[in-house]
Amino acid sequence: MTFEYADRINRLPPYLFAEIEKIIKEKKSQGIDLISLSIGDPDLPPPPFVIEALKQEVADLKSHNYSFSQGEPDFRQAVSEWYKKRFNVDVAHDQVVAVLGSKEGLANIARAFINPGDQVLVPDPAYPVYANGSTILCDGSAVPMPLLEENNFQPNFEAIDPKKAKMMFINYPNNPTAATVDKKFLKKAVDFAKEHNIILCYDNAYSEISFDGYQAPSILEIDGAMDVAVEFNSLSKTFNMTGDRIGFAVGNKHLVTGLTRVKSQIDSGPPVYTQKVAVKALASYNSREAPAFLKENNLILRERRDLLVDTLCKIGYQCDKPKATFYFWVNCRGDSMKFATRLLDAGVAVTPGVGFGKYGEGYARITFTQPKERIAEACQRIANAFN
Ligand SMILES: Cc1ncc(COP(=O)(O)O)c(C=O)c1O
């Protein structure tokens, strides 16, 4: 028997990362020692206090019942306190919803607001969920906002026709370009969204992964943001907890309520024990300054970043080091698939930029989520491949 997929499934492009994982697995099964610098999943573990908290909370027999669709009150309180400490932003409990990682929230927010045919402005290149899991799976129409190097990988709002747009996704620190922004840009984004009545979904998943003194802002710090914006973040990158699936959406109450209403029909919130662990993890912040383990984490990433960028710089690629994320977006001066294939043949997997959208062509994303020795070995292989 064959059952036809719904049209919206047929409209989905292949999930790039799944394809890459398949190639890596195949190579590994052939005994090839491939160094994967392609997937954005940290190799570093969660801090020990998080693991201890997890053991404790899992053992609590009261932590295995359904949660609330909006999340546990303690969790929402902890998120609200974190916003105050980290960004000096006041958010009430009913402006917070717990999500199963920010990916789930980013996808489901469209279910609350997008009707078939509605336009959604999505950056290009971008994390694929905005166009696919969010827009296409709601039968919406994704309209790309090119992120060009000459505009510092920021969308040019003057070049966008906003008339039919209902929603817009923006993400900084950015995946895949690693670009960062200041509050002046965020103000422009908020003003644009307000002027044209567009829901602004701000993806701040990498807010805590930064180097050299840079601290990423929250869109909610901007005047007027609470009228139009909802921000998504999670413990995935900050606490190396990608598999624990715990995050939050925060901001405009009506937007948060819409997302909560969708979730109440689909899931019953993240497991209570992960929310309790998240409460303890977020409490490790005393101020806007990163807690000690995170500082250490970012120093390790910075050392790897320097190794990688210095190697690429020596062989003639760009030398500017990203201030945030664990990605290096290298201008490969040509076909990104050819560049990635050349490196794959040399034993290093990177992601061709075109996989993140048409405007990603000409670039490749290289992650530094491998131990320093492996990055050093990868650098050696890259240098050999280009000599
Ligand atoms: C830009 C961006 N947003 C969101 C996510 C989703 O993270 P999570 O669902 O683990 O919070 C990712 C994951 O790689 C990402 O790169």
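Descriptive notes on the structure:
- Cβ distances below 4.7 Å define possible disulfide partners, and in the chain the cysteines left without one are CYS138, CYS201, CYS332, CYS379.
- Charged side chains reduced to their Cβ positions (Lys and Arg at +1, Asp and Glu at -1) give the chain a dipole of some 140 debye around its Cα centre.
- The Cα center of the range 321-387 and the Cα center of the range 123-153 differ in position by 21 Å.
- Each of THR351, ASN88, ALA179 was scored by the projection of its Cα onto the charge dipole of the chain, and the greatest displacement toward the positive side belongs to THR351; charges sit on the C-beta of Lys, Arg, Asp and Glu.
- For the chain: accessible area per residue (Å², 1.4 Å): 44 Å²
- Pairs from the table (LYS62/LYS84; LYS84/LYS276; LYS184/LYS280) lying more than 22 angstrom apart at Cα are LYS62/LYS84; LYS184/LYS280.
- A simple charge model with +1 on the Cβ of Lys and Arg, -1 on the Cβ of Asp and Glu and nothing else charged puts the dipole of the range 1-149 at about 80 debye relative to its Cα centre.
- Relative counts (whole %) of C-alpha pair distances in the chain, using bins that are 10 Å wide: 5, 23, 32, 27, 12, 1, 0
- Carbon + sulfur, % of accessible area of the range 273-314 - ligands and nucleic acids excluded, 1.4 Å: 55 percent
- Taking a point 7 Å from the Cα of ASP267 along the Cα-to-Cβ direction, the residues of the range 206-236 with backbone N closer than 20 Å to it are 206-207, 230-236.
- Highest-fluctuation residue, PRO291, PRO144, PRO42 considered, GNM on the chain with Cα pairs under 10 Å: PRO291
- As a ratio to 2.2 N^0.38 Å, the alpha-carbon radius of gyration for the range 224-294 is 1.25.
- Listed residue (ILE375, VAL262, PRO217) projecting farthest to the positive dipole end of the chain, Cβ model: ILE375
- Value of relative contact order over the chain, rounded to a whole percent, pairs C-alpha under 8 Å and six or more apart: 24 percent
- For LEU12, the accessible surface of its heavy atoms amounts to roughly 50 Å² (probe 1.4 Å, protein chains only, rounded to the nearest 10).
- The range 41-92-the range 185-207 distance, computed between alpha-carbon centres (Å): 26 Å
- Theoretical ellipticity at 222 nm over the chain - DSSP helices of four or more residues, -39500 (n - 2.57) apiece, nearest 500: -12000 deg cm²/dmol
- Global geometry of the range 1-82, whether rounded, prolate or oblate, following the gyration tensor of its Cα atoms and the 1.5 cut on a/c: oblate
- For the listed residue pairs LYS188/LYS263; LYS103/LYS263; LYS237/LYS295; LYS194/LYS237; LYS103/LYS164, the alpha carbons are over 20 angstrom apart in LYS188/LYS263; LYS194/LYS237; LYS103/LYS164.
- Rounded to the nearest 20, the Cβ-based charge dipole of the range 85-138 about its Cα centre (Lys and Arg +1, Asp and Glu -1) stands at 180 debye.
- Convex hull of the range 144-283 built on C-alpha atoms - directionally averaged projected area, nm²: 9.8 nm²
The values are calculated or read from the model by the stated rules, or taken from the named source; none is laboratory data. If you're wondering where the values come from, they're calculated on a predicted model, not measured in any experiment. As a convention, Cβ positions derive from the backbone with ideal geometry for all residues, glycine included, and neighbour counts pool all protein chains shown. When the accessible area is computed, the model is the full protein with side chains, heavy atoms only, and any ligands, DNA or RNA have been set aside. Shrake-Rupley method; radii C 1.70, N 1.55, O 1.52, S 1.80 Å.
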